[in-house]
1. It is to be established whether one or more residues within region A:337-353 are open to solvent by less than 30 Å² (accessible area, probe 1.4 Å), out of contact with any strand residue (DSSP E or B) (no Cβ under 8 Å at 6 or more places or on another chain), within 30 Å of A:ALA110 (Cα to Cα) and of a type in the set (Val, Ile, Thr).
2. Of all residues being in contact (Cβ under 8 Å) with a residue 60 or more places away in the chain and more than 16 Å from A:CYS99 (Cα to Cα) in region A:32-58, which is least open to solvent (accessible area, probe 1.4 Å)? Just the residue, please.
3. Whether any residue in region B:10-26 is basic (Lys, Arg) and over 29 Å from A:ARG565 (Cα atoms) is what I want to check.
4. With respect to A:VAL67, determine if the residue is over 21 Å from the mean Cα position of the chain (by Cα) and buried (at least 21 other Cβ atoms within 10 Å of the Cβ).
5. Within region B:487-503, does at least one residue satisfy the condition of being hydroxyl-bearing (Ser, Thr, Tyr) and within 7 Å of chain A (Cβ to nearest Cβ)?
6. Taking the stated definitions as given, is B:THR472 open to solvent by less than 40 Å² (accessible area, probe 1.4 Å) and either charged (D, E, K, R) or without any contact (Cβ under 8 Å) to a residue 12 or more places away in the chain (or both)?
7. Name the residue, out of B:ALA252, B:ALA277, B:ALA324, that is loosely packed, with under 14 Cβ neighbours inside 10 Å, out of contact with any helix residue (DSSP H, G or I) (no Cβ under 7 Å at 6 or more places or on another chain) and either modelled with pLDDT of 95 or more or aliphatic (A, V, I, L, M) (or both).
Protein chains: 2
Amino acid sequence: MNDAHYKTERPLANGQTRIDFQTAPGRYRHWKLAIDGDVATLFLDVDEKGALFEGYDLKLNSFDLGVDIELADAIERLRFEHPEVRVLVLRSGKPRVFCAGANIRMLAGASHAHKVNFCKFTNETRNGIEDLSENSGLKTVCAISGTAAGGGYELALAADHIMLVDDGSSAVALPELPLLAVLPGTGGVTRVADKRKVRRDYADVFCTTEEGVKGKRAVEWRLVDEVVPGSKFDETIAARAKEFAAKSGRGAAGRGITLVPLARSFTADGVEYGSLAVAFERAGRIATVTLRGPAVSPPASVEAMAALGAEFWPLKLARELDDAILNIRLNEFDVAAIVFKSSGDPAEVMAYEHFLDANKDHWLVREIRHLWKRVLKRIDLTSRSLVTLLEPGSCFVGTLAEISFASDRSYMLIGARGGDNKPPATMALADANFGAYPMSNGLTRLASRFLASPADLAAAKAEHEKTLDAETAQRLGLVTFALDDIDWDDEVRVFLEERASFSPDSLTGLEANLRFAGPETMESKIFARLSAWQNWIFQRPNAVGEDGALKRYGTGQKPVFDTKRV
Amino acid sequence: MNDAHYKTERPLANGQTRIDFQTAPGRYRHWKLAIDGDVATLFLDVDEKGALFEGYDLKLNSFDLGVDIELADAIERLRFEHPEVRVLVLRSGKPRVFCAGANIRMLAGASHAHKVNFCKFTNETRNGIEDLSENSGLKTVCAISGTAAGGGYELALAADHIMLVDDGSSAVALPELPLLAVLPGTGGVTRVADKRKVRRDYADVFCTTEEGVKGKRAVEWRLVDEVVPGSKFDETIAARAKEFAAKSGRGAAGRGITLVPLARSFTADGVEYGSLAVAFERAGRIATVTLRGPAVSPPASVEAMAALGAEFWPLKLARELDDAILNIRLNEFDVAAIVFKSSGDPAEVMAYEHFLDANKDHWLVREIRHLWKRVLKRIDLTSRSLVTLLEPGSCFVGTLAEISFASDRSYMLIGARGGDNKPPATMALADANFGAYPMSNGLTRLASRFLASPADLAAAKAEHEKTLDAETAQRLGLVTFALDDIDWDDEVRVFLEERASFSPDSLTGLEANLRFAGPETMESKIFARLSAWQNWIFQRPNAVGEDGALKRYGTGQKPVFDTKRV
């Protein structure tokens, strides 16, 4: 393994040169997962000395990306390995503190790019907890004893039910603004306003009160769902778990499968997975992600699928793609554009679509579709230019075609390529393109694409299951440009060079605006309004300057602010 | 007049020390307003030497805030002075160029605070053009000959119909990203995506193509509504004006009134208007805006109202309040909090509400309500902490109560104040609070306030027209805190001191998130998603650093970018 090119922003505490998103319960340093029948409990018990980067300790159950990677892993395992679980209880493994939120020294020392992408990942994890409730029926109860501050309360906000001990000191708080001159950046203000629907003036008071709110007022202001005497905390948690289990549509679904470790091999210029490969062309600032179609036909039955477990091609590819995207996001900041390619037999990919559709009520198939939904959303939200190249020998069919629709542009080659015997590029739509994968705006990618014209959406749907050549795909509006062999190389090269020449920041802003036409949801508001403002604040000297609040926190010196209101 | 405290960011070209939002057609330097029957034409013919600030010329019909102040004034005058006008044609007064957008040298030299507030004002003006079409029936046709680039095309996007000459060179373009490393910041990308519903990949190509798009492709990509041969330009404009006039619900509404100049008097520590006063407490970074109730009872008839013209109290107050807010926004960046107070007879204010309700179908009453709607939205979008103090002698009734609901918090004094014979504070709701003044999210302020509980909204509505004392107003959720005389001074003082002590940037971000719960509209997306990203980009070295694109534009030197994607 040669990690020379994987430059993190500051030294990782584990001596590696790359943040790894793969973990497993046996390796957790910060969470304890306990499963008792249909109730899972995740205890947050952060190892102070287990920080991701050098230079700070994770005191008071504060977290960094490393802690959140474990949480995300635990949530995935509940989905796939524990289909019997109906309720997740989130609580602290430490006395007198629930969670102090994102570690301030980590934030103060992190690069802007890391901070922004750290917040994005934690947001995705919390959205994943809500998706687990809404779409898989696994409800979450958050039981707070001690203080849930900042990111700690934001984690609680992702739950279906928030309990707070009424002991005169336990409180919920969003102290970011008074304490650090930043926003609660992991969905806090959006969930307070739009999920909990806290009245705006109370929200204003709450978000500017460093010590937070406790007891009855926390219930009256809708910040928590109930307060519970300390003496009855455990029994009330058990009672709530039972109640929410009864409301859950989950469980009794058969045995889970094991999310085996991904087999990856990192080289200086790429990452090789089983079902995809990533190649970095560093001079051009391009990462090419080539997705491979299935090597074998779909299994004969759901039992055979379950026996394959994590080796089942759609699941394997989704997990590997997710890891590949996260690796680019957090370890490869210089990549300007991600180029998606594919290779394989389109008919085989369609056969998998049919298999999944035929078994869409099976719990594992549902979870695989939901995983793809989340991976595709992760792609939508990746701040790199995204382009799909549909070339001879490719297999952008159904779910894989969705990657093309997630891209900022797509280029499709007309006919065969000179001196190449691969079959001409085709595209095909499947049922999954018309509902299985809503974007964060609540629409499918094709509905977003054809916002101007429902007739165009209907025309595309009328062709579904058919093999579409480049000219047909372009006529239907499914690709941006269909080009012949003569123009292809130049057009693609010029596009990629141009993309690398533009200001990365303006591309981030442009893409964040153009990718999400149409309606907004709480989720899209978090990634648009809230994140954009937080990113702005994370750049401002009042927060990150030498005299700013993040830098001066804990020094005893007060921050010095530029008093201009902008 | 003592302007010592009105510090603009760099010298104004007119030698003043304060940007003035008042103007009149006879003083326009950049626009020519021609009215012919029911068709008004605004010719953009920018005076190169008429820049707002020193240091740049307004070449190629480019604009700065001064140009936009005239446009905003012209639109207001069409509303109030020309009710007979059904169609507005926007075109250039110069050959071969429509408008080159915001002046780049102005942007390069402007402070961050000015840039952000300039964009906000221009956005409000364009939203006002759309509101004029949607709610007052005055349709806009934009006729482009030459290039409409950047802010020039963004102005066109506000129109109901965009015509482009098909002469092989006239084009529409959003060249901000390739040229300047910023976003089209005046609604461009949002209107392209959400109003024109341009397909996202075409929008991506368009927004990264410096020279823009012309001819048929501009129509096919939905960027304009039609292309017209140069030889038929004038006749087609006339034909479209006629068609849109036929669609307009406006006109034949009686004679307009004159928007007489506001009588204002600026002192070192305040501004005195007729119906309101602004007092600056500079050490505390507070601006107190005291609204005065009417001095006389409502007129006996709509004819009498029309005869009063701009002296009619609701209209006079709205215009003065708008000017006061804009003055704080653009000239008083150090103000942390705006405190709203009022003085007057609540019964008289309610009498005006009844007068307006009784005559709500009269064109002038409708325009006055729409003006209040826009002024209240301007308050919502003002990035200062907003607080309303409801004290003895105040008159927060109906429309004025709306200012309290626009505030981040409100404090209401219970009973009388010691040593003061003013009547205890009351509040009263009128019909206007339940529909006349939607926020940019499409909801009324009370509906946004009671998002969690429609029952609370109904309970408030049940009390409308009633005089509510402080405790009742608090019980109904209409004010944040009801305090007695003993606590009042300390609580208010502590709040205002605290507000001034917080980081201005984090307050801007917090308030922008908490003020707009619930649904999103194109308008709210512009001020949230788009503006927040643009503000971020406006801070980034890739745009504004010494080697950034804005600073290096026109020097012949290429900008140097930090290549990290964030």
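1. no
2. Residue satisfying both the conditions and the ranking: A:VAL39.
3. no
4. Numbers: over 21 Å from the mean Cα position of the chain (by Cα): no; buried (at least 21 other Cβ atoms within 10 Å of the Cβ): yes.
Taking the combined requirement at face value, the residue does not satisfy it.
5. For region B:487-503, residues hydroxyl-bearing (Ser, Thr, Tyr) and within 7 Å of chain A (Cβ to nearest Cβ): present.
6. Yes: the conditions hold for B:THR472.
7. B:ALA252
Yes or no, residue by residue, for (1) in contact (Cβ under 8 Å) with a residue 60 or more places away in the chain; (2) outside any helix (DSSP H, G or I):
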| residue | (1), (2) |
| --- | --- |
| A:ALA203 | no, no |
| A:ARG240 | yes, no |
| A:GLY249 | yes, yes |
| A:ALA252 | yes, yes |
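The values are calculated or read from the model by the stated rules, or taken from the named source; none is laboratory data. What you see is a predicted model, and the numbers here were worked out from it, not measured in a lab. Neighbour counts are summed over all protein chains in view; Cβ atoms, including those assigned to glycine, are modelled from backbone coordinates with ideal geometry. Protein only, heavy atoms only, side chains kept; ligands, DNA and RNA dropped before computing areas. Shrake-Rupley method; radii C 1.70, N 1.55, O 1.52, S 1.80 Å.
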